[in-house]
């Protein structure tokens with residue numbers, strides 16, 4: 001988990017530096033692509049796989065997931081008043097935990113079904129492939145997000 005944590009720290013730091021300049025679209029799309037790439041690498045893991053493959057997979061997933069979540073959180077709280085921030089943060093964290101729970105449940109059910117249809121190694125690979133594909137779904141919605149204009153419009157609203 002150290003590679004995941006280091007990559008996560010770097011992604012959160014990058015979000016802090018780049019959000020105002022780039023806006024959410026590019027950061028979320030990049031995060032989804034990084035996370036999906038890491039999950040795809042998990043399909044290549046086998047006994048005797050080099051540690052570098054695992055380190056790379058976990059680094060990509062940590063960077064991608066944190067880039068997405070920190071960007072989404074920054075976007076969600078952009079118009080939240082300081083007084084409302086504690087409640088908004090609590091709701092955000094509850095939503096995150098529910099998402100983790102539902103995601104694990106969905107992937108576990110998929111693995112269980114696939115284990116009845118495929119050989120175990122093939123079922124694992126198919127499950128990771130499904131997880132990577134699901135990770136890419138937000139990319140289609142992210143294209144509708146504004147780029148840096150979201151921050152600029154917020155700043156101009158504050159100046160009024």
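Fewest Cβ neighbours within 10 Å first, please rank 74, 147 accordingly.
147, 74
Which order results if 145, 118 are arranged by neighbouring Cβ count within 10 Å, fewest first?
The order, fewest Cβ neighbours first, is 118, 145.
Quick one: pull the percentage of alpha-carbon pairs in the chain with a separation above 18 Å.
Values: 8361 of 12720 pairs.
Value for the chain (Cα pairs over 18 Å): 66 percent.
For every helix of n ≥ 4 consecutive DSSP H residues, a contribution of -39,500 (n - 2.57) applies; sum these over the chain, divide by its total residues, and give [θ] at 222 nm rounded to the nearest 500 deg cm²/dmol.
Taking each H run of at least 4 residues, the total per residue is -29000 deg cm²/dmol.
Nearest 0.05, what FRET efficiency do residue 17 and residue 116 give at R0 = 35 Å with Cβ-Cβ as r?
0.15
May I ask you to order 56-67, 7-18 by the average number of other C-beta atoms within 10 Å around their residues, highest value first?
On the way: 56-67: 22.9, 7-18: 17.1.
Top of the packing list down: 56-67, 7-18.
Based on the Cβ-Cβ distance from residue 5 to residue 87, what FRET efficiency comes out when R0 is 25 Å, to the nearest 0.05?
Efficiency for this residue pair is about 0.30.
Any read-out appearing in this document is the output of simple, stated calculations on the displayed coordinates, not a laboratory observation. All values reported here derive from a predicted model rather than from experimental measurement. Positions of Cβ are generated from backbone atoms using ideal geometry, with glycine treated the same way; all protein chains shown enter the neighbour counts.
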